[in-house]
1. When you scan region 4-25, do you find a residue that is among the hydrophobic types (A, V, I, L, M, F, W, C) and either touching a residue at least 60 places away in the same chain (Cβ under 8 Å) or surrounded by fewer than 10 Cβ atoms within 10 Å (Cβ to Cβ) (or both), even just one?
2. Restricting to region 56-68, name every residue that is surrounded by 10 or more Cβ atoms within 10 Å (Cβ to Cβ) and either outside any helix (DSSP H, G or I) or within 18 Å of the chain's Cα centre (by Cα) (or both).
3. From the set of residues in region 1-27 that are assigned to a helix (DSSP H, G or I) and of a type in the set (V, I, T), which is farthest from the chain's Cα centre (by Cα)?
4. Output the residue which, of all residues in region 31-55 that are assigned to a helix (DSSP H, G or I) and in contact with a helix residue (DSSP H, G or I) (Cβ under 8 Å, 6 or more places away or on another chain), is surrounded by the fewest Cβ atoms within 10 Å (Cβ to Cβ).
5. If I go through region 39-68 residue by residue, how many of them are of a type in the set (D, E, K, R) and under 29 Å from L21 (Cα atoms)?
Amino acid sequence: MVSKTSVEIDPDIARQAATILGTRTLRATINVALHEVVDRQRRLELVALLSEPGRFDFEAAERAWGGD
């Protein structure tokens, strides 16, 4: 579900974000930025999970993928 909201946004930051994200509209910039924040958090949680002792066998992965 999509909701319509009115917010005040710093135009300079919005322009910078649009340039970084490659978006053309404010709506697209906001949507992509929100997705990026959620994706970043999920990646951080995955790294934390894989960093737990005994959770991931890095040596086996290296052998399987032919690591140097």
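1. Taking region 4-25 and keeping what is among the hydrophobic types (A, V, I, L, M, F, W, C), we get 7, 9, 13-14, 17-18, 20-21.
From what's left, either touching a residue at least 60 places away in the same chain (Cβ under 8 Å) or surrounded by fewer than 10 Cβ atoms within 10 Å (Cβ to Cβ) (or both): 7.
Yes, because at least one residue in region 4-25 is among the hydrophobic types (A, V, I, L, M, F, W, C) and either touching a residue at least 60 places away in the same chain (Cβ under 8 Å) or surrounded by fewer than 10 Cβ atoms within 10 Å (Cβ to Cβ) (or both).
2. Hits for region 56-68 are F56, D57.
3. Just the residues of region 1-27 that are assigned to a helix (DSSP H, G or I), to begin with: 11-21, 26-27.
Narrowing the set further to residues that are of a type in the set (V, I, T) leaves 13, 19-20.
Numbers: I13: 18, T19: 16, I20: 13 Å.
The extreme case among them is I13.
4. Of all residues in region 31-55, those assigned to a helix (DSSP H, G or I) come to 31-51.
From what is left, the residues that are in contact with a helix residue (DSSP H, G or I) (Cβ under 8 Å, 6 or more places away or on another chain) are 32-33, 36.
Numbers: V32: 16, A33: 17, E36: 13.
Restricting to residues being assigned to a helix (DSSP H, G or I) and in contact with a helix residue (DSSP H, G or I) (Cβ under 8 Å, 6 or more places away or on another chain), the top hit is E36.
5. If we filter region 39-68 for residues that are of a type in the set (D, E, K, R), which is where we start, we get 39-40, 42-43, 45, 52, 55, 57, 59, 62-63, 68.
Applying the additional criterion that residues be under 29 Å from L21 (Cα atoms) yields 39-40, 42-43, 45.
Residues flagged as of a type in the set (D, E, K, R) and under 29 Å from L21 (Cα atoms) within region 39-68 amount to 5.
Taken together, the values in this text are just the output of simple stated rules run on the coordinates, not laboratory data. On a predicted model such as this, the values are computed, not experimentally measured, just so you know. No Cβ is skipped: glycine too gets one built from the backbone with ideal geometry, and neighbour counts run over all protein chains shown.
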